[in-house]
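Chemist: I'd like to ask you about the structure that follows.
The values are calculated or read from the model by the stated rules, or taken from the named source; none is laboratory data. Nothing here was measured: the structure is a model prediction, and the numbers come from that model. For neighbour counting, all protein chains shown are included, and Cβ atoms are generated from backbone atoms with ideal geometry for every residue, glycine included.
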Amino acid sequence: MAVLLSAPCYASSSSESNSSSINVSDEQSVATIKGRAGIAVIQGDKVELDRRTVYVNGLSYGKVPDLCEIQYIVTKTARTLYVDGKPRSPAAK
């Protein structure tokens, strides 16, 4: 039996040196932003890379390198943001 997951997702980037993508499986949904800027909306969360700062639902997760890879992974039990493969927590206020 095949299971079809339906989740509102989209990805957008602003130039050729940037890319955004969404991958959805039975186990997890992964939004990836590469480059200097991009937006991904996945499982109701908006992930945005803008001016070297990454945001999830408008909450800053801090500055990032000029060129980087952002991944936002949603599982049944967790939502985790990674910057260049390292987990990231919201920035201190």
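Chemist: Any idea which of ALA7, ALA11, ALA92, ALA2 is modelled with pLDDT under 95, in contact with a Gly (Cβ under 9 Å, 6 or more places away or on another chain) and loosely packed, with under 12 Cβ neighbours inside 10 Å?
Modeler: On the way: ALA7 fails: loosely packed, with under 12 Cβ neighbours inside 10 Å; ALA11 fails: loosely packed, with under 12 Cβ neighbours inside 10 Å; ALA2 fails: in contact with a Gly (Cβ under 9 Å, 6 or more places away or on another chain).
Result of the check over ALA7, ALA11, ALA92, ALA2: ALA92.
Chemist: Ok, one more. Surrounded by fewer than 17 Cβ atoms within 10 Å (Cβ to Cβ), touching a Leu at 6+ places or on another chain (Cβ under 8 Å) and modelled with pLDDT under 95, is that true of ASP26? Give the derivation first.
Modeler: Numbers: surrounded by fewer than 17 Cβ atoms within 10 Å (Cβ to Cβ): yes; touching a Leu at 6+ places or on another chain (Cβ under 8 Å): yes; modelled with pLDDT under 95: yes.
Answer is yes for this residue.
Chemist: State yes or no: is THR80 out of contact with any Cys (no Cβ under 6 Å at 6 or more places or on another chain), surrounded by fewer than 19 Cβ atoms within 10 Å (Cβ to Cβ) and free of Cβ contacts under 8 Å to residues at least 12 places away in the same chain? Give the steps one after another, and end with the answer.
Modeler: Values: out of contact with any Cys (no Cβ under 6 Å at 6 or more places or on another chain): yes; surrounded by fewer than 19 Cβ atoms within 10 Å (Cβ to Cβ): yes; free of Cβ contacts under 8 Å to residues at least 12 places away in the same chain: yes.
When the stated conditions are applied, THR80 passes them.
Chemist: Hey, another quick one. Filter region 65-83 down to the residues that are within 15 Å of ALA31 (Cβ to Cβ) and not in a strand (DSSP E or B) and list them by number.
Modeler: Step one: of region 65-83, the residues within 15 Å of ALA31 (Cβ to Cβ) are 68-75, 78-83.
Correct list: ALA78 only.
Chemist: Tally time: how many residues in region 25-80 are more than 22 Å from ALA92 (Cβ to Cβ) and of a type in the set (Val, Ile, Thr)?
Modeler: 10
Chemist: Ok, one more. Across region 64-87, what is the number of residues that are at pLDDT 95 or above and either of a type in the set (A, V, I, L, M) or touching a Gly at 6+ places or on another chain (Cβ under 7 Å) (or both)?
Modeler: Within region 64-87, residues that are at pLDDT 95 or above and either of a type in the set (A, V, I, L, M) or touching a Gly at 6+ places or on another chain (Cβ under 7 Å) (or both) number 7.
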